[in-house]
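**Student:** Shown below is the structure under consideration.
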Amino acid sequence: MCVENCPPPSNRLTRRGVLAGAAALAGTAAALAAAPGASAAAPMTRASAARSGNAPRGGDLVIDGGTLLDPATGEVTEDAVVVIRDGVVRAAGKRKNVDVPAGVTVLDAHGQWVLPGLVDSHIHLNTAAEAAKTLALGATTARSGSTNFYQDIAVRELSRQAPGLAPRLRASGIFVTPDLGDTILADPDLTPLARLKGGVTSTEALRRVVEVNLARGVDTVKTRVNPRAGLAEQDPLEQVYSREQLSTIVATARRGGKDVLCHSYSEKGCHDAVMAGVKSVEHGAFISERTLHEMRRRGTYFTPTMVAIGGMIGDPDPVLDERGRTYLPKLKAAAKLAHELGVGLVSGTDSSGGSVEPIGAEIEMMYSAGLSALDAIRTATTNAARLLGFEGKVGRLARGYAGDAILLSGDPLADVSVLKKPVRVVRTGVAV
């Protein structure tokens with residue numbers, strides 16, 4: 001069956017799209033009503049907010065007296081002040097150099113360290129509760145690693161309307177994978193693919209899934225070259241897409257102005273993904289030095305998701321336990337080598353299934369792999385900001401950047417574990 005002659009799905013706002021978004025946000029109305037600055041009126045959609053000019057603004061806040069760390073420079077400023085107006089940093093630095101506006105709420109940070117909000121570059125957010133938990137654990141920005149029914153697009157809109165309830169999000173929609181399973185029901189434009197005996201493998205079918213994602217408004221596209229390591233019945237070294245198939249996915253995404261992240265484990269799979277032009281390799285347990293050199297040359301990023309891989313250690317299933325024990329040391333060595341070679345290394349927890357891991361735990365893994373504390377922090381701040389296209393907006397607390405911050409009980413340069421339990425989180429000038 002050929003789907004190429006079918007016109008690409010429309011990217012206009014449709015009644016079906018509105019209903020789908022409403023369904024994905026079901027259960028969040030009460031949370032929206034309780035959000036800072038919320039009114040009794042029903043929350044606006046993105047389209048209605050844009051038409052009315054009443055898109056939500058951030059808050060006004062002064063973070064006073066903490067020790068400020070700038071991940072970009074490594075500079076540490078004691079007794080610092082950060083001024084946030086309308087959700088944007090207006091000034092940050094030594095108290096004597098910062099004019100503090102009158103009448104603005106002050107958050108006392110004496111005795112605490114102040115860092116920019118962290119970035120989780122690989123997470124699966126399916127519910128409003130998961131989004132809120134992610135934010136509370138310090139990730140004020142994130143990139144979705146896909147959801148089954150476009151929940152991440154709804155979470156992205158939730159974060160725009162009520163920033164205190166969800167991290168700023170890059171959504172990837174549904175997985176481009178040979179077997180869509182129930183995801184075939186995510187959009188009526190996908191249902192013709194159910195007649196394909198070979199699954200989503202032909203050029204036409206691959207283009208169709210990417211085009212539906214683009215029409216739904218994704219920010220990036222997620223695919224795979226290997227099956228999952230976390231399912232004992234699957235072989236994570238089997239190759240399910242060739243370099244040519246991956247190139248079709250990348251080319252279709254690029255025509256829509258988007259990049260691709262690729263779930264990969266095997267050395268050949270990682271190399272084929274890089275050569276096909278993906279923006280980032282996810283997991284990559286058996287990635288080779290040859291592939292890392294190619295990634296450095298091409299500007300491809302690496303998201304090793306060590307917390308998720310290490311989480312298999314001790315699993316009751318001996319297959320998963322063995323995979324965790326085998327893969328984690330390889331990933332740590334690969335992360336260290338990637339850093340030494342100058343590959344863009346970023347942190348992602350790969351949290352999913354209702355369990356949310358703190359992004360600070362992945363930073364701790366980076367440190368245990370051999371990165372300095374500062375470089376480990378950069379994998380969830382400045383490095384991740386570049387990958388997600390947020391350079392100049394997130395990853396620092398400097399003038400013009402988003403007013404996202406975390407307050408810590410101790411010095412993360414001396415003890416990275418404090419990053420796992422922020423004392424307070426600020427999202428666009430609103431203390432969560």
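**Student:** Let's see if you can work this out: charge +1 on each Lys and Arg Cβ, -1 on each Asp and Glu Cβ, no other charges. What is the dipole magnitude of the stretch 323-432 about its Cα centre, in debye to the nearest 20?
**Tutor:** The dipole of the stretch 323-432 has a size of about 120 debye.
**Student:** Let me ask another. Calculate what fraction, in whole %, of the accessible area of the stretch 279-421 sits on carbon and sulfur atoms when a 1.4 Å probe is rolled over the protein chains.
**Tutor:** In the stretch 279-421, the share of accessible area belonging to carbon and sulfur is 47 percent.
**Student:** Next question. Under a point spin-label approximation (7 Å from Cα along Cα-to-Cβ), what is the D317-A431 distance to one decimal in nm?
**Tutor:** Calculated label separation equals 4.5 nm.
**Student:** Contour minus end-to-end for K94 and D415, with contour as 0.36 nm per residue of separation and end-to-end as the Cα-Cα distance?
**Tutor:** Here the segment from K94 to D415 would lengthen by 113.2 nm.
**Student:** Please provide three numbers in whole Å: the alpha-carbon extents of the stretch 180-223 along the principal axes, with the largest listed first.
**Tutor:** Rounded to whole Å, the extents work out to 30, 20, 14 Å.
**Student:** What is the set of long-range amide H partners of T140 at a cut-off below 5 Å, with H atoms built 1.01 Å from backbone N?
**Tutor:** L118
**Student:** Computing the accessible area with a 1.4 Å probe over protein heavy atoms, can you report the carbon and sulfur percentage for the stretch 145-212?
**Tutor:** 49
**Student:** A further question follows. Can you tell me the accessible area per residue over the chain, all protein chains present, probe 1.4 angstrom, in square angstrom?
**Tutor:** 41
**Student:** Can you list residues whose amide H is under 5 Å from H263's amide H, if they're 5+ apart or on another chain and H is modeled 1.01 Å from N?
**Tutor:** T223, R224, V225, E282
**Student:** Could you work out the equivalent-ellipsoid semi-axes for the stretch 219-288, taking the square root of 5 times each eigenvalue of the Cα gyration tensor, largest first, in whole Å?
**Tutor:** Semi-axis lengths for the stretch 219-288 are 21, 11, 10 Å.
**Student:** Cα extents of the stretch 329-432 along the three principal axes, largest first, in whole Å?
**Tutor:** Over the stretch 329-432, Cα extents along the principal axes are 40, 32, 27 Å.
**Student:** Under the Kirkwood approximation applied to all pairs of distinct alpha-carbon atoms, what is the hydrodynamic radius of the chain in Å?
**Tutor:** One over the average 1/r among Cα pairs gives 22.1 Å for the chain.
**Student:** Considering only the other residues whose Cβ falls under 12 Å of the Cβ of L107, what net charge follows from Lys and Arg at +1 and Asp and Glu at -1?
**Tutor:** Summing Lys/Arg as +1 and Asp/Glu as -1 gives -2.
**Student:** Between 0 and 90 degrees, rounded to the nearest ten: what's the tilt of helix 151-161 against the longest Cα principal axis of the chain?
**Tutor:** 20
**Student:** Treating only the Cα positions of the stretch 296-365 as identical point scatterers, give the base-10 log of I(q)/I(0) from the Debye formula at each q in 0.22 Å⁻¹.
**Tutor:** Debye curve over Cα of the stretch 296-365, log10 I(q)/I(0) at q = 0.22 Å⁻¹: -0.96.
**Student:** Could I ask something else about it? Of all DSSP beta bridges located in the chain, what percent are antiparallel, nearest 5?
**Tutor:** Approximately 45 percent, going by the DSSP bridge assignments.
**Student:** Same structure again: I need the phi-derived Karplus couplings for the stretch 385-400: 6.51 cos²θ - 1.76 cosθ + 1.60, θ = phi - 60°, integer Hz, Gly and Pro marked x.
**Tutor:** For the stretch 385-400, the Karplus-derived couplings read 4, 5, 4, 7, x, 10, 4, x, 10, 10, x, 9, 10, 9, 3, x Hz, x marking Gly and Pro.
**Student:** Taking the Cα centre of the chain as origin and charging only Cβ (+1 Lys, Arg; -1 Asp, Glu), how large is the dipole, in debye to the nearest 20?
**Tutor:** 1360
**Student:** Set the Förster distance to 56 Å, then compute FRET efficiency between K336 and D179 from the Cβ-Cβ distance, nearest 0.05.
**Tutor:** 0.95
**Student:** Sticking with this structure for a sec: When the C-alpha atoms of the stretch 175-259 are aligned to their principal axes, what extent does each axis show, in angstrom, from largest down?
**Tutor:** 34, 24, 21
**Student:** Let me ask you something else. Please report, largest first and rounded to whole Å, the three semi-axes of the ellipsoid equivalent to the stretch 58-133, where each semi-axis is the square root of five times an eigenvalue of the C-alpha gyration tensor.
**Tutor:** After scaling each eigenvalue by five and taking roots: 26, 17, 11 Å.
**Student:** Excluding G310 itself, what net charge comes from residues whose Cβ is under 15 Å from its Cβ, given Lys and Arg +1 and Asp and Glu -1?
**Tutor:** Net charge around G310: -2.
**Student:** Tell me, in nm to one decimal, what length is gained between V104 and R325 on full extension, where the rule is 0.36 nm per residue of separation less the Cα-Cα distance?
**Tutor:** 74.5 nm
**Student:** What whole-number distance in Å separates the alpha-carbon centres of the stretch 70-95 and the stretch 339-416?
**Tutor:** Going from one Cα centre to the other spans 17 Å.
**Student:** Next up: In a shell of Cβ-Cβ distance under 14 Å around A92, excluding A92 itself, what net charge do Lys and Arg (+1) and Asp and Glu (-1) give?
**Tutor:** 0
**Student:** Explain nothing, just compute: Karplus ³J(HN,Hα) = 6.51 cos²θ - 1.76 cosθ + 1.60, θ = phi - 60°, for every residue of the stretch 102-112 in order, whole Hz, x for Gly and Pro.
**Tutor:** 7, x, 9, 4, 10, 9, 6, 10, 4, x, 10
**Student:** Give me a comma-separated list of calculated 3J(HN,Hα) values for the stretch 74-87, in order, Karplus coefficients 6.51, -1.76, 1.60 applied at θ = phi - 60°, integers in Hz, x for any Gly or Pro.
**Tutor:** For the stretch 74-87, the Karplus curve yields x, 5, 10, 10, 7, 6, 8, 10, 10, 9, 10, 10, 6, x Hz.
**Student:** Output the 0 to 90 degree angle, nearest 10, between the alpha-carbon long axis of helix 318-341 and the longest principal axis computed from the alpha carbons of the chain.
**Tutor:** 60
**Student:** List the lysines whose alpha-carbon lies under 30 Å from that of K393, not counting same-chain residues fewer than 8 positions away?
**Tutor:** Filter leaves K94, K96, K133, K222, K258, K279, K332, K336, K420, K421.
**Student:** In deg cm²/dmol and to the nearest 500, what is the mean residue ellipticity at 222 nm of the chain if only DSSP H runs of at least 4 residues count, each as -39500 (n - 2.57), divided by the residue total?
**Tutor:** -9500 deg cm²/dmol
The values are calculated or read from the model by the stated rules, or taken from the named source; none is laboratory data. Source: prediction; values computed, not measured. Using ideal geometry, Cβ is built from the backbone for each residue, glycine included, and neighbour counts are taken over all protein chains shown. The area values use the complete protein model at the heavy-atom level, side chains included, leaving out ligands, DNA and RNA. Shrake-Rupley method; radii C 1.70, N 1.55, O 1.52, S 1.80 Å.
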